[in-house]
Amino acid sequence: MSEPRCSEWSPLKEGVFRGVWVYLEVVDGEIHEASLQLLSKAREVADILETYVGGVLIGSGVSHLAETAWEYGVDKVFLVDDERLEKYSPPLYGYVVSELCREYRPEGLLVAGTLRGRELAPNIANNLKTGITADLTMVSVDKETRDIILIRPPFGAYMLAHIKTRWGKPVMGSVRPNVFPMPEREPGRKGELVEYSLGELPSYGVELLETRRIEKAEEIPIEKARVIVAGGKGLGSKEGFKLLEELANLLGGVVGGSRKAVDAGWISHDRQIGQTGKTVKPDLYIAVGISGAAQHIFGIREAKIIVAINIDRYAPIFENADYGIVGDYREVIPLLIEEIKRVRMELR
Ligand SMILES: Cc1cc2nc3c(=O)[nH]c(=O)nc-3n(C[C@H](O)[C@H](O)[C@H](O)COP(=O)(O)OP(=O)(O)OC[C@H]3O[C@@H](n4cnc5c(N)ncnc54)[C@H](O)[C@@H]3O)c2cc1C
């Protein structure tokens with residue numbers, strides 16, 4: 001059986017494909033760092049193929065970001081600045097990027113593996129009936145055939161898969177944040193601007209109505225909080241609560257305390273948890289430097305998951321905890337904060 005050719009699979013007809021593109025995700029009016037990081041790899045590949053680096057910039061009121069794109073190494077910015085793109089929608093944005101690909105025929109397209117990127121990339125690949133390699137970690141190029149080979153570790157195996165997209169164009173890959181280094185910024189560097197006007201847009205049943213930030217931690221009453229990070233006498237001082245606040249804010253939760261912490265004046269009485277304080281029922285309760293006296297446990301019986309952090313492996317709190325970490329909170333909490341931030345960054 002003969003192999004299907006590009007034209008049979010892909011709406012992009014056979015012909016000349018040039019350029020290595022990066023989709024430049026815009027978040028809060030700026031190009032996402034994870035997208036800018038991809039420009040260093042795009043440049044390497046483009047140089048081998050003796051072609052240009054393209055940046056796809058779409059949205060509403062985004063044209064000024066072309067300068068940032070040029071300064072980070074984009075040669076040609078493909079811009080679609082249209083009021084109708086004000087609200088992000090994966091099928092709509094996927095349609096627009098696909099239209100650009102149909103018109104300008106890039107040979108490669110990299111998308112940052114952020115939360116949005118992971119949704120968007122398969123949308124584009126599906127529109128163009130091309131292949132996509134998720135979470136690639138390396139790229140190699142066969143200069144003679146112009147094949148862009150995307151490399152990633154396969155699930156659960158100690159090897160590397162070299163993936164060649166045989167029939168579709170562009171060759172697409174998504175890349176998790178921080179896999180490739182940020183390219184050096186060259187202030188004042190200029191490139192080309194290709195503006196594209198959209199005709200009538202297809203209508204999709206799905207629309208993003210509103211984006212809401214997580215409520216500020218202090219505004220949530222402790223009885224209603226889904227996440228509580230509570231501190232006890234083991235924190236040693238009021239200062240220790242600052243670390244707990246940072247963790248609670250990251251998790252969209254609030255800070256509470258044991259009676260001893262309240263008696264010490266490190267936290268207000270309305271935040272005391274236990275028999276003579278508040279009874280709470282969060283999804284996640286993190287007890288830090290709290291021994292686990294019966295009067296305290298009384299207040300957290302309804303918590304779904306209890307995590308205890310205590311320097312004493314024999315502390316009674318561990319008998320009531322679903323997860324226990326034995327260690328000094330001053331070492332454990334910063335590690336937790338760092339890890340949560342890292343994972344968040346990956347998911348953005
Ligand atoms: C009638 C009555 C009502 C009460 N009501 C309440 C109530 O509502 N709420 C309440 O909480 N208590 C209440 N208590 C008090 C309760 O009995 C305990 O004394 C209190 O809960 C202990 O607080 P704590 O766990 O913070 O301190 P501690 O018992 O002193 O425990 C401190 C813990 O911190 C750990 N630690 C020390 N350094 C570190 C470190 N660097 N890193 C990590 N861990 C460390 C220690 O190993 C220890 O386990 C009540 C008591 C009575 C008699």
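Remark on residue 27: its backbone amide H falls under 5 Å from those of 32, a criterion applied only to residues 5 or more positions apart or on other chains, H modelled at 1.01 Å from N. Backbone amide hydrogens, once placed in the peptide plane, bring residue 56 within less than 5 Å of 22, 23, 24, 78, excluding anything fewer than 5 places away on its chain. Sparsely packed loop sites in the stretch 270-348 (the GluC sites (Glu not before Pro) outside DSSP H, G, I, E and B with at most 15 other Cβ atoms within 10 Å) comprise 302. When the GluC sites (Glu not before Pro) in the stretch 96-162 are filtered for DSSP coil states and for at most 10 other beta-carbon atoms within 10 Å of their beta-carbon, the remaining sites are 144.
How high is the relative contact order of the stretch 217-347, given as a whole-number percent (alpha carbon pairs under 8 Å, six or more residues apart)?
On the way: 274 pairs, mean separation 29.8, N = 131.
Worked out over the stretch 217-347, it gives 23 percent.
For residue 176, the residues 5 or more places off, or on other chains, whose built amide H falls under 5 Å of its own are 113, 135, 136. Couplings 3J(HN,Hα) of the stretch 46-59, computed from phi: 4, 5, 4, 7, 6, 9, 9, 9, x, x, 9, 10, 10, x Hz, in residue order, whole Hz [Karplus 6.51 cos²θ - 1.76 cosθ + 1.60, θ = phi - 60°; x for Gly and Pro]. For the stretch 194-200, the Karplus equation 6.51 cos²θ - 1.76 cosθ + 1.60, evaluated at θ = phi - 60°, returns couplings of 10, 8, 10, 9, 8, x, 5 Hz by residue, with Gly and Pro reported as x.
Using only Cα atoms, what is the ratio of the radius of gyration of the chain to 2.2 N^0.38 Å? Before the final figure, lay out each step's value.
Numbers: Rg = 25.8 Å, N = 348, 2.2 N^0.38 = 20.3 Å.
Cα-based Rg divided by the globular estimate yields 1.27.
Let a ≥ b ≥ c be the square roots of the eigenvalues of the Cα gyration tensor of the stretch 6-195; is it rounded (a/c under 1.5), or, if not, prolate (a/b larger than b/c) or oblate? Since a/c stays below 1.5, the shape of the stretch 6-195 is classed as rounded. Using the rule -39500 (n - 2.57) for each DSSP H run of four or more residues, divided by the residues of the chain, the 222 nm mean residue ellipticity is -8000 deg cm²/dmol.
Residue 153: net charge of surrounding residues, Cβ under 15 Å, Lys/Arg +1, Asp/Glu -1, itself excluded?
Values: positive: 152, 176; negative: 135.
My count for the surroundings of residue 153 gives +1.
3J(HN,Hα) along the stretch 125-134: 4, 5, 4, 9, 6, 10, x, 9, 10, 8 Hz, from the Karplus curve 6.51 cos²θ - 1.76 cosθ + 1.60 with θ = phi - 60°, whole Hz, x for Gly and Pro. Ordering 332, 96 from the fewest to the most neighbouring beta carbons within 10 Å gives 332, 96. For the chain, the longest piece that avoids every one of the chymotrypsin sites (Phe, Trp or Tyr not before Pro) found in DSSP loops with at most 16 other C-beta atoms within 10 Å covers 1-154.
Ordering 264, 308, 253 by the projection of their Cα atoms onto the charge dipole of the stretch 217-347, which places +1 on the Cβ of Lys and Arg and -1 on the Cβ of Asp and Glu, puts 264 at the extreme positive end.
Based on C-alpha pairs under 8 angstrom that are at least 6 apart in sequence, the stretch 32-156 has a relative contact order of 22 percent.
May I ask for the net charge around residue 323, where only other residues with Cβ less than 15 Å from the Cβ of residue 323 are counted and Lys, Arg are +1 while Asp, Glu are -1? Charge balance in the 15 Å sphere: -2.
Let a ≥ b ≥ c be the square roots of the eigenvalues of the Cα gyration tensor of the stretch 217-347; is it rounded (a/c under 1.5), or, if not, prolate (a/b larger than b/c) or oblate?
On the way: a/c = 1.37, a/b = 1.21, b/c = 1.13.
Rounded is the answer for the stretch 217-347, as its axis ratio a/c remains below 1.5.
No value in this document is a laboratory result; all are computed from the given coordinates. Keep in mind it's a predicted model, so treat the numbers as computed, not measured. In this analysis, Cβ positions are derived from the backbone assuming ideal geometry, glycine residues included, and neighbour counts consider all displayed protein chains.
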